[in-house]
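**Q** Here it is, the structure, as C-alpha cells.
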Amino acid sequence: MAIVVLRELRMELSEDFGPGDPVSLIEAVHAAPADPDTPGDVDDQTFCGKPTQDMERVNYRPAGPGASWLPPNMRPWECAACARALHS
Ligand SMILES: [Zn+2]
C-alpha cells in the first residue's frame, strides 16, 4: 500500500512570521493511504482519522521496505496514532 506523508500546519492568525523557519509552524506529521482510485492522490483521511484536505503534502518517499515512513528531520512531530496504525 502506498503511503502519503502529510504535514498538519498550525493555524496562526498573526501575519508576523517574518523570515523565520517555517518548520516551527508544523503541528504534526501524519500519514495517509494513497487514494486507490486516483493514482498519485491521497485518501480523505489520515491513518489517525483526520481530514487530509487542509494538510500539506510532504514530498518524501521511504527509502525502501522497512524504512521509516517519517522523514528523519520531522521525527519530533510524528503523529503517534499514525505511527501505531502503520506498525500494526
Ligand atoms: Zn496522524
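The values are calculated or read from the model by the stated rules, or taken from the named source; none is laboratory data. On a predicted model such as this, the values are computed, not experimentally measured, just so you know. Methodologically, a virtual Cβ is constructed for each residue, glycine included, from the backbone with ideal geometry; neighbour enumeration extends over all protein chains shown. Accessible surface is based on the protein model in full, side chains and every heavy atom, while ligands, DNA and RNA are left aside. Shrake-Rupley method; radii C 1.70, N 1.55, O 1.52, S 1.80 Å.
**Q** Which residue is farthest from the chain's Cα centre (by Cα), if the candidates are limited to the range 23-47 and must be part of a loop (DSSP other than H, G, I, E, B) and over 11 Å from residue 6 (Cβ atoms)? Give the derivation first.
**A** Pass one, the range 23-47, residues part of a loop (DSSP other than H, G, I, E, B): 35-41, 43-44, 46-47.
Going one step further and asking which of them are over 11 Å from residue 6 (Cβ atoms), we end up with 35-41, 44.
On the way: 35: 15, 36: 18, 37: 20, 38: 19, 39: 18, 40: 15, 41: 14, 44: 13 Å.
So, considering only residues that are part of a loop (DSSP other than H, G, I, E, B) and over 11 Å from residue 6 (Cβ atoms), the one farthest from the chain's Cα centre (by Cα) is 37.
**Q** Then there is this: Only one of 68, 14, 24, 88 is of a type in the set (Ser, Thr, Tyr) and at pLDDT 85 or above. Can you tell me which? It would help to see each step written out before you state the result.
**A** Numbers: 14 fails: at pLDDT 85 or above; 24 fails: at pLDDT 85 or above; 88 fails: at pLDDT 85 or above.
Selected residue: 68, the only one of 68, 14, 24, 88 that is of a type in the set (Ser, Thr, Tyr) and at pLDDT 85 or above.
**Q** Would you check which residues across the range 52-87 are away from the ligand (no atom under 15 Å from the Cβ), open to solvent by 100 Å² or more (accessible area, probe 1.4 Å) and assigned to a helix (DSSP H, G or I) and list them?
**A** Across the range 52-87, the qualifying residue is only 73.
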